[in-house]
Amino acid sequence: MAVDALDARILRLLLEQPRTSVREYARLLGIARGTLQARLDRLERDGVITGTGPRLSAAALGHPVLAFVHIEVTQGRLDTVANALADVPEIIEAFSITGGGDLMTRVVARDAAHLEDVIQLLVQLPGVVRTRTEMVLRERVPYRMMPLVEEVGRAAQRGT
């Protein structure tokens with residue numbers, strides 16, 4: 001699905017002003033409300049917009065420790081292990097990967113001891129061979145989409 005320059009402007013507004021109404025977005029963009037709604041519906045349907053809820057802080061929820069846990073899985077057990085990870089609330093993301101391991105998870109914890117407890121739970125899951133953990137010391141570039149949206153918009157204007 002190609003994102004054009006207007007789509008990029010819409011996405012930028014959504015990121016900059018997430019609590020604004022559709023009517024106000026249309027006014028700011030100088031387009032009809034129906035046009036904006038049709039664009040939003042298409043962007044959602046095509047998977048560009050994946051959610052509209054708030055981003056929450058795990059640290060503010062009492063889980064300031066962040067770690068990436070790489071999990072090596074017995075061949076043929078990837079789906080089983082991945083499904084089991086969904087039952088661990090401290091795992092906030094999990095990805096199949098190439099390289100040193102089969103899965104990479106983003107794990108939050110209350111403290112180092114709690115992180116160890118989560119890791120011990122993971123190594124006991126059927127199909128998990130071993131784990132490797134990397135603790136985050138400090139966030140250097142927070143999650144962001146604006147630079148990418150701006151680049152996509154520029155590329156759309158250039159016609160590339």
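Read the figures in this text as sums done on the coordinates, not as results from a lab. Please read all numbers here as calculations on a predicted model, not as lab measurements. Cβ atoms come from the backbone with ideal geometry, glycine included; neighbour counts cover every protein chain shown.
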ask   = How about the stretch 67-153: which chymotrypsin sites (Phe, Trp or Tyr not before Pro) there are in a DSSP loop, with at most 13 other Cβ atoms within 10 Å of their Cβ?
value = TYR143
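Arranged from highest to lowest average of other beta-carbon atoms within 10 Å per residue, in what order do the peptides 115-122, 75-82 appear?
Packing proxy ranking, top to bottom: 115-122, 75-82.
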task = Principal axes first, then extents: for the Cα atoms of the stretch 33-112, list largest minus smallest coordinate on each axis, whole Å, largest first.
result = 50, 35, 22
message = Tell me the mean residue ellipticity at 222 nm calculated for the chain from its helices only (DSSP H runs of n ≥ 4, each -39500 (n - 2.57), averaged over every residue, nearest 500).
response = -12500 deg cm²/dmol
task = Using just the alpha carbons, could you tell me how many Å³ per residue the convex hull of the stretch 65-135 encloses?
result = 71
query = Taking the Cβ of GLU139 as the center, what net charge do the other residues with Cβ under 14 Å away carry, scoring Lys and Arg +1 and Asp and Glu -1?
reply = +4
note = Sparse-neighbourhood loop hits (trypsin sites (Lys or Arg not before Pro), the stretch 1-40; DSSP loop; Cβ within 10 Å at most 12 others) -> ARG19
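Summing +1 for each Lys or Arg and -1 for each Asp or Glu, what net charge is found among the other residues whose Cβ lies under 15 Å from the Cβ of GLU151?
Net of charged neighbours comes to +2.
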ask   = Stokes-Einstein D for the stretch 5-54 at 20 °C, 1.002 mPa s, Kirkwood Rh over Cα pairs, in µm²/s?
value = 196
query = Measuring from the lowest to the highest alpha carbon on each principal axis, how far does the stretch 42-160 reach, largest first, in angstroms?
reply = 52, 36, 25
key: Local electrostatic count, ASP4, Cβ distance below 15 Å [Lys/Arg +1, Asp/Glu -1]   = +2
remark   = Loop-resident trypsin sites (Lys or Arg not before Pro) in the stretch 121-160 with no more than 12 other Cβ atoms inside 10 Å, DSSP not H/G/I/E/B, are ARG138, ARG140, ARG144
